[in-house]
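Where a number appears in this text, it was derived from the coordinates with a stated rule and is not lab data. Not measured: the values here are computed from a predicted model. Quick reminder, even Gly has a Cβ in these numbers, built from the backbone with ideal geometry, and neighbours come from all protein chains shown.
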Amino acid sequence: MKSLLNFALPEDLLCVSKEAQAGIPIDAITCAIDRADSVLTLLEDHFDSDKPRLANHVLASVIWDVRGTLGLIKTLTLHGDATSTSRAKAGGAQ
């Protein structure tokens with residue numbers, strides 16, 4: 001068992017499938033943006049209401065979740081850029 005996996009974050013282990021189509025995965029990116037927006041709405045409601053405050057560990061988890069989602073969006077965007085560039089080069093060489 002590798003010790004590196006004991007301290008890995010989920011976003012460190014996730015990658016785009018090798019079987020994914022080339023191009024920008026706009027649906028997946030849009031979904032990830034909507035998820036992050038939902039989590040930020042939770043955080044916004046925390047500060048805009050008279051309800052009891054969330055615990056610090058919950059607030060930290062909210063921030064960590066959004067950072068992870070931003071990492072996922074970056075991964076998806078880099079995949080789109082890399083595969084779109086490859087496809088453009090292949091098309092330009094014809």
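Ordering Ala82, Pro25, Val58 by the projection of their Cα atoms onto the charge dipole of the stretch 25-82, which places +1 on the Cβ of Lys and Arg and -1 on the Cβ of Asp and Glu, puts Val58 at the extreme positive end. Kirkwood analysis of the Cα pair distances in the stretch 25-82 returns a hydrodynamic radius of 12.4 Å.
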